[in-house]
Each structure stands twice: as C-alpha cells, then as structure tokens.
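Participant: Below is a structure I'd like to ask you about.
The values are calculated or read from the model by the stated rules, or taken from the named source; none is laboratory data. What you see is a predicted model; the values in this text were computed from it and never measured. Cβ placement follows ideal geometry from the backbone for every residue including glycine, while neighbour counts extend to all protein chains displayed. Protein only, heavy atoms only, side chains kept; ligands, DNA and RNA dropped before computing areas. Shrake-Rupley method; radii C 1.70, N 1.55, O 1.52, S 1.80 Å.
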Amino acid sequence: MPSDTEEASQSTVNGDNVRALCDVVRELPVRAVIDLLSIGVCTRCILRLFGIREHVYYRSSLSPSMLSSLLGDSTCSEKHMVDGNFREPVVCSICLGILQFTYWEDKKLVTEKESANELAVSISSLIRQQGFEIDSYSLEVSIPPIVLENDHTVWLYMKRKYESELWFQGKSISECISAKDALKISLMESLETMLGCKSNISAFRIRLTYTHRISSKTVENSVEGCHGGKRRKTGAGNGLNTIDDDIKCSGPPIEAGAVVERSFVSLQANESSECLKLPLGQSNEPCCLEFHCYRTQIYVGGRYLKYSRNVSQTCWIIDDERMGEASVEEILGSNILPLCRGDNYKFHAAGREDIDVRMLGSGRPFLLEIQNARYIPSEESVKFLETKINNLEKKLVGVKNLKLVGSQSWELMREGEAEKQKQYTALVWISRPLKDEDLQSISSLEDMHILQRTPIRVLHRRSPLEREKIIHWMRIERIVGSSQYFLLHLCTQAGTYIKEFIHGDLGRTQPRYNLFFNHLDLERLGFCLGHHDPLRG
C-alpha cells in the first residue's frame, strides 16, 4: 500500500509541487492545526487561514492523515492524535462545504466533487450548452455571510490562544485567504485550460452563488448577541433565494457583509464575549450552489433613416391596435438580435420623430442594446448586416455607419442630442400662386425668435408650457409644374414644433409661418439631421 506521503504525492500534478507542499505544511504550527481539525475544519480552510495562496495546494486532495504525515516539529503522540481521531469532515464547519466542492444542487441533490477540476468541468459544460463563444471570462463568487463570520470567529479564537507564541507574532486576519478567493484560486487554472482563454476583466461572467439555509439567521443572532439591537431578517423565508440577505435596523439597510465586519470589530474589543465560542455550531448541511453564465450588454450603434410615413420609431399600440405597419425598433432589432444570439434587446435613440415624418439626411443616432449575447459579431459581419438591412424588400428603414460600440456607445447618443440645429423639409400648399418676392422675403429671415405653447395634439401628455425657439433660416424651393406647391427647407433650434410653426396651431405659435401667406397647408414633413444648407451646396 502507498504511504500517506505517496498518497499526497499522487494527488498533485508533479514532484516539484509535492515538495513545495511538504515544505509549506512542515512550517505549520502543529497544535494550532490539531485545534482546527478538532472543530471540523477542512484542510483547505486550514491552509487559507495560514495565508497559503498557491493554487496547487487547493487543487490537491490533502486529507488530515496526509497533513499529519507532512507536519514538521511534532511529537509522535500529536501525530497519532491526528491519525487516530480526525478525518476530513463531511461538511467543513467554516466554509460549509464550499472548498470541499460539496453542495446542494437544485436544492435537493447533494453533489460531491473529488476536486476543483470536476467542478470546472461542470462549469465549462454549462457554458458550451448555452452556446457562448468567449475569448476571456471573469469569475464571480458569492458566499453566505456566515462563512465570513466563521473566519472571524476562528481567527479571534486563535489570537486569544496563541498570540504569545512566536509563530503568531505580527499576524493579522488580513493575511488570511478568504473562502471566495481560495475557491477562485482552486478553479482558475482548470477553467483557463478547459475554456481556452484567460481569466480577466471581461464582459462574460461566470457567477457561482452559494447560499445556506441558516446563514441569515446566524448573522442576525450574532449581531443581536453582541450589540443588543433589534434587527429583523428580510428577503426569502428560507434564505435560499437571496445572495447576501440584509439586516434591517432603525437606520438604512446594511449589507450582511458589513454587519459581520462590524460584529468582528466588537468581538476584537471584547474578546471574552460569549459570542466567541468554539467549537463552532457544526452543520452537516452544505451550501446550495447555483451556476449562472451571462454576458453583460453589448451595443450595436449607428444612424437610422426612415423612408416611410407609416413607420413609428418604436412599437406603438393603442387599445390593442397597432399604429403604423412597422417600427424602426422592430426592423433593426429583428435583424441584429439573431446575429448576436442574445436573449433580448432594447432600443435607444437620440430623440424621436412623429410616425408621419421621414428621417433623411445623415440619419438619427441609435443604439441597440443586446442582452446576454452568445456571440460578439465581427466587423465584417456587422457590415454585411448593414447591407442586408439596406436591401430589405420593403424600403421602410435604412442604416448608416452600423458598428459594434463599447464604452463610447453613449457618446454616440450624446452626439445626436448635442446637434442643436435640426433641418427639415416640408411640402407646403398655399392658396395663391407663389411669387418671386416670396422666395426673397423668406430667405432674408435669419435667427427669427418664436414663442410656442404646448401643441394641442400633445397637450394630453405634455405640460402646458411656453417655449422660446429660434428659426435659424428658411429657403423655398419651387416644384416644377406647380405654382402653389413648394418645398420649404428650414433649420431650427432643437425642440421646435415644426408642424405648429407652419400652420400656427390656432395661434398657439407666434409668429407663425402662415402669417406670410393668406392660407397654407402642410402636406408632408421630412427630417434631416445635420447643419448643411441643401441649397447653398
């Protein structure tokens, strides 16, 4: 049969790691290790409490008997005590099975993994099943606050018992490795190998959420016992549907982690407190683990053009009846979402136009926010998609400068909002023939100030206010073959109600354009973003 040392050797990757592990373990204080084993602490928690960070030690299967064979300056009776009395606990009294890779799955099935490698296999399988294509990942871990409380309690116990010993001199709890970081250290190398990419700050997140049935109650009891305050638990009744339950008192809500930190400070000030009791209340029930893989939102942006007067900007339904034949939002979303293989999308635009107003010129800036995209499209595929949208059978909507955007995405939106001058083209009918003097008189008007009250057509949903706006310039373009129809090109301050400026809105806009003619009608209106005067070249 292989010896304990040989068994330990087989659990590591190579001989160098075995020797390094032996050297580390031999430096551990024997009495303190025996103390921790006696209260049901797993070997990985023992390593992290002593600040050992190297990932290979957490990936190794190091049992109490192996630990005993590697301990340094210990007597035969001490080693015998470890060999005879201590076995790896079913559920660690500190990490509650997290670093033993034992957990409840689907809240009903206890899953036991032999190593971090097996847990990494489960995670990578989930990513592949959900169809994600990734080039990096970020690992997020949420653990119940009771684990942090257990760390603090054990540390204070060791401080009270061993602070006079040489090995403890200068030690602080900040040197301990948290259970969360130890789990990340355990999984990192295996996940990087299986996923073929590095762990980094990434839009793709792997989230492991550990919860425990008694977590919130234990934290609440601890705080009540040490502080004497009245607190109540909020959240799900069984504590399984929350990540970090809050404790509420007379002030604003406090996160459970902050409660534990505050409790720890109190314990340090009163180390004889009855709150500090060992052994810990051991539980044979491990944590519940939920895997969740997701990608943070990505943005596809550009400028859209609207050619139809029967297309709204977003889906518009009144009393279960659809307004218009389609919307810009739906046309773009239905084409972009499948490319990114996302769950859903949100449409954002820099301003809006009425359903019967076309959007021409350089177009209106927009962003399509894709939620949980499985695929990040390449520049070539986005350009191909732009061509596809512009060549749709129904020429309702077009796009320009379509691209994948990152942190600059909202700058694209602000670009549209910052365009303080808006250009429009209106088809106008007047009751008399158009004269040359009309063209000259209209063209001579620049930076004309007008006062507009909230239009009648939007008064039901807008505040009744007066707004001062500026008409920067106007130009008339004749239409060949017609003496009473003409095109009015005008550039206005952003936010000007153009329809109301032209027909007057029963006198609610002053001065109004129809003052220059006896009678006129606005037949059509088009919107062009930009500052270019179409007749000046």
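Participant: Looking only at residues in the stretch 355-367 that are open to solvent by 30 Å² or more (accessible area, probe 1.4 Å) and touching a residue at least 60 places away in the same chain (Cβ under 8 Å), which one is farthest from the chain's Cα centre (by Cα)? Can you show your working first?
Facilitator: In the first step, residues of the stretch 355-367 are kept if they are open to solvent by 30 Å² or more (accessible area, probe 1.4 Å); the result is 355-356, 358, 360-362.
Adding the requirement that they be touching a residue at least 60 places away in the same chain (Cβ under 8 Å) leaves 356, 358, 360-362.
On the way: D356: 37, R358: 35, L360: 35, G361: 35, S362: 32 Å.
Checked the stretch 355-367; the qualifying residue farthest from the chain's Cα centre (by Cα) is D356.
Participant: May I ask you to verify whether L535 is open to solvent by 60 Å² or more (accessible area, probe 1.4 Å), assigned to a helix (DSSP H, G or I) and at pLDDT below 85?
Facilitator: So L535 does not fit the description; no.
Participant: While we're here: State whether the residues of the stretch 432-450 include one that is in a helix (DSSP H, G or I), touching a Lys or Arg at 6+ places or on another chain (Cβ under 7 Å) and free of Cβ contacts under 8 Å to residues at least 60 places away in the same chain.
Facilitator: yes
Rundown of residues vs (1) of a type in the set (F, W, Y); (2) farther than 24 Å from R128 by Cα; (3) surrounded by 14 or more Cβ atoms within 10 Å (Cβ to Cβ), yes/no style:
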residue	(1), (2), (3)
R160	no, yes, no
E163	no, yes, no
C176	no, yes, yes
K198	no, no, no
F204	yes, no, yes
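Participant: Just to verify a result, which residue in the stretch 291-308, among those that are in contact with a Phe, Trp or Tyr (Cβ under 8 Å, 6 or more places away or on another chain) and among the charged types (D, E, K, R), is farthest from R352 (Cα to Cα)?
Facilitator: The qualifying residue farthest from R352 (Cα to Cα) is R295.
Participant: Mind listing just one residue for me: the one in the stretch 74-119 that is modelled with pLDDT of 60 or more and among the basic types (K, R) and, of those, nearest to T193 (Cα to Cα)?
Facilitator: K113
Participant: Among the residues of the stretch 13-28 satisfying the criterion of being within 24 Å of V90 (Cα to Cα) and modelled with pLDDT of 75 or more, which is surrounded by the fewest Cβ atoms within 10 Å (Cβ to Cβ)?
Facilitator: If we filter the stretch 13-28 for residues that are within 24 Å of V90 (Cα to Cα), which is where we start, we get 21, 25, 28.
From what is left, the residues that are modelled with pLDDT of 75 or more are 25, 28.
Values: V25: 24, L28: 21.
In this case the residue turns out to be L28.
Participant: A further question on this structure: Would you confirm whether any residue within the stretch 459-472 is in contact with an Asp or Glu (Cβ under 9 Å, 6 or more places away or on another chain), over 19 Å from P433 (Cα atoms) and modelled with pLDDT under 85?
Facilitator: no
Participant: Now, a different point. Could you check the stretch 174-185 and list, in sequence order, the residues that are more than 25 Å from the chain's Cα centre (by Cα) and farther than 14 Å from V147 by Cα?
Facilitator: Listed by number, the residues that qualify are S174, E175.
Participant: Residues that are open to solvent by 60 Å² or more (accessible area, probe 1.4 Å), over 26 Å from L360 (Cβ atoms), among the aliphatic types (A, V, I, L, M) and at pLDDT below 85: does the stretch 502-512 have at least one?
Facilitator: Checked the stretch 502-512: at least one residue is open to solvent by 60 Å² or more (accessible area, probe 1.4 Å), over 26 Å from L360 (Cβ atoms), among the aliphatic types (A, V, I, L, M) and at pLDDT below 85.
Participant: Out of the residues in the stretch 451-485 meeting the condition of being in a strand (DSSP E or B) and aliphatic (A, V, I, L, M), tell me which one is surrounded by the fewest Cβ atoms within 10 Å (Cβ to Cβ).
Facilitator: Residue satisfying both the conditions and the ranking: L451.
Participant: In addition: Going by what's in this entry, would Y345 be described as assigned to a loop (DSSP other than H, G, I, E, B), open to solvent by 30 Å² or more (accessible area, probe 1.4 Å), under 15 Å from I298 (Cα atoms) and not β-branched (V, I, T)? Give the derivation first.
Facilitator: Working: assigned to a loop (DSSP other than H, G, I, E, B): no; open to solvent by 30 Å² or more (accessible area, probe 1.4 Å): yes; under 15 Å from I298 (Cα atoms): yes; not β-branched (V, I, T): yes.
Here the answer is no, as Y345 does not meet what is asked.
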